[in-house]
Each structure stands twice: as structure tokens, then as C-alpha cells.
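Worksheet: one structure, shown below.
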Amino acid sequence: MEKTVWIKHRDIFKKGTILEKNENTFKIKHDENNILELPYSEIWKYNGDHIDNTDNLIHIPHLNEPSILNGIRLRFQENNIYTWTGDILISINPFQELGLYPLNQQIPGPHIYRIADKAYSKLPNNQTILISGESGAGKTHATREIMKYIENGQENRMVSYTNPVLEAFGNAKTSRNNNSSRFGKFIKMMFSTQQHGQKILSGAQIDTYLLEKVRVVHQNDNERNFHIFY
């Protein structure tokens, strides 16, 4: 009996091969040629790399944590940093320019512009785009790209132009990256509709909350206060 499964060894998901099935446990050889005896609850079904490597994770037959991570990893290795999971877009920061943001071109596959376009196309009904992630995940960059896409072709680019100034009051160098947002931000973009149906950006409101004020009086080693102070 040889079947590939996922196991978690030293907090890392690894592929293993079932050698023997006992009453309540499996004997599994993992990639370091070690043999472990694990209960059924500590193994996960393996789909195969060719199945996990999909642009929408809901297509994976056995949707579990190691399969999701494996699929995202395989796509990242191919410079595909965006992956759908239903209508939610997962992005991985490549920490390099990949030339993924050409305006006025059709974007195939998962992409941040498709999120922006979907919201923009459903105006004047209110639309909300939630951007979430840990420090260094690329939230600030994603926000800028969404605003750039929505403002493309319009004379009024004031929201994008003011963004670097506003970031200076809330972003700082941390041990994780040089331009880390130390606050939460809500950007409300308002549009008017002309007679021929074109939606024109008419104004914006930006609210800041959860500002990391302690940074003003104390910074950890190799970190800095907010950019504006420099």
C-alpha cells in the first residue's frame, strides 16, 4: 500500500508515503526517509501538484491547508502571484517588479485589476473592496494599483497624487520592510455620472484609524518613526 499524503513534521507540511495501515494509525515515510506512526487526524489528502496548481482554489477536490499552500507556492514559482479562491483574491508579495500592471490591456487570469473593474462596473451602487494581510504582504501597493486603475483616463488624479503624502504620516521603516503601514485606512471614492453614462471621480474622503502612536516616542532597534519626521 503506497499512497502519497500530506503530513505536518516540525510545523512544516511535507509529502509522505503510507507504508502500512493499522487499526488507528498509519506508518508513513516522509521525504527525509524517516518513518512516522501517525493517527488519521494528522494526515491530509494529497491531490497532486498538477491539480493544486490552479488559478482558482475552489477547483481543488481535497481543499485542505497543505493543498492550498502547495497551490499558491507552485503558482508563485511561475511568477503567478495572484490566485482566486471563489471571489476572493489571494496575492503573494514577490518583492520585485514583474510587469503585471499594464493599463488599457485585457488582463487574463486572477488579478487585482479584475477586482477593481468589477467594483467600478457596478457603480453607482455602493461597492467595498477590503484589502487585508500581514505586514509586508503588499496592502499599500494593492491599494495604489486599485486607485490607479479606477482613475485611469480621468483628468482628476488627486486621490493618487495625495496618497504618498498621507502615507508619510502613517508609514514607517520596520524590521520587516522599509515602508510598512502602521495604521488602518478607509478610502471613500465618490463618483458622478454624466449624461452619456460615464462615471467621473468627483471627490474622495480618507479616514485613518488604529494609528500606532507609540512609535512617536519609541522605536525598536533598526526601526524608525513615521516617514514625515525625516
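The values are calculated or read from the model by the stated rules, or taken from the named source; none is laboratory data. Given the structure is predicted, the values throughout are model-derived calculations rather than measurements. As a convention, Cβ positions derive from the backbone with ideal geometry for all residues, glycine included, and neighbour counts pool all protein chains shown. Only protein heavy atoms, including side chains, enter the accessible area calculation; ligands, DNA and RNA are left aside. Shrake-Rupley method; radii C 1.70, N 1.55, O 1.52, S 1.80 Å.
Summary table below
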{"read-out": "Net charge of neighbours whose Cβ lies under 13 Å from the Cβ of residue 210, counting Lys and Arg as +1 and Asp and Glu as -1", "value": "+2"}
{"read-out": "Rounded FRET efficiency, nearest 0.05, which uses the C-beta distance separating residue 191 from residue 49 and R0 of 45 Å", "value": "0.55"}
{"read-out": "Where the stretch 1-122 is the region considered: accessible area per residue in Å², 1.4 Å probe", "value": "63"}
{"read-out": "FRET efficiency estimate (nearest 0.05) - Cβ-Cβ, residue 144 to residue 31, R0 41 angstrom", "value": "0.50"}
{"read-out": "Mean Cβ count within 10 Å, highest first, over the residues of peptides 86-99, 157-170", "value": "157-170, 86-99"}
{"read-out": "Mean separation of Cα contacts under 8 Å, 6 or more apart, over the residue count of the stretch 176-230: relative contact order %", "value": "29"}
{"read-out": "Packing-based ranking, highest mean first, of 32-41, 50-59 given that Cβ atoms within 10 Å are counted", "value": "50-59, 32-41"}
{"read-out": "Cα long-axis angle, helix 158-168 against the chain (0 to 90 degrees, to the nearest 10)", "value": "70"}
{"read-out": "Choice from 196, 218, 111 with maximal GNM fluctuation in the chain (Cα, 10 Å cutoff)", "value": "196"}
{"read-out": "Share of Cα-Cα pairs in the chain lying beyond 33 Å, as whole percent", "value": "38"}
{"read-out": "Per-residue [θ]222 nm for the chain (sum of -39500 (n - 2.57) over DSSP H runs n ≥ 4, rounded to 500)", "value": "-6500 deg cm²/dmol"}
{"read-out": "Whole-Å distance, taken between Cα centres, linking the stretch 164-197 and the stretch 15-86", "value": "37"}
{"read-out": "Distance (nanometres) between label positions extended 7 Å along Cα→Cβ at residue 225 and residue 137", "value": "3.0"}
{"read-out": "Length-normalised contact order for the chain - Cα pairs under 8 Å, 6+ apart - percent", "value": "10"}
{"read-out": "Label-point gap, in nm, between residue 107 and residue 161 - each point 7 angstrom along Cα→Cβ", "value": "2.4"}
{"read-out": "Share of carbon and sulfur in the accessible heavy-atom surface of the chain [1.4 Å probe, %]", "value": "49"}
{"read-out": "Cα pair distances in the stretch 114-230, grouped into 10 Å bins until the bin that holds the longest one, percent each", "value": "12, 42, 28, 14, 4, 0"}
{"read-out": "Charge sum, other residues only, whose C-beta stays under 11 Å from residue 178's C-beta, Lys/Arg counted +1 and Asp/Glu -1", "value": "+2"}
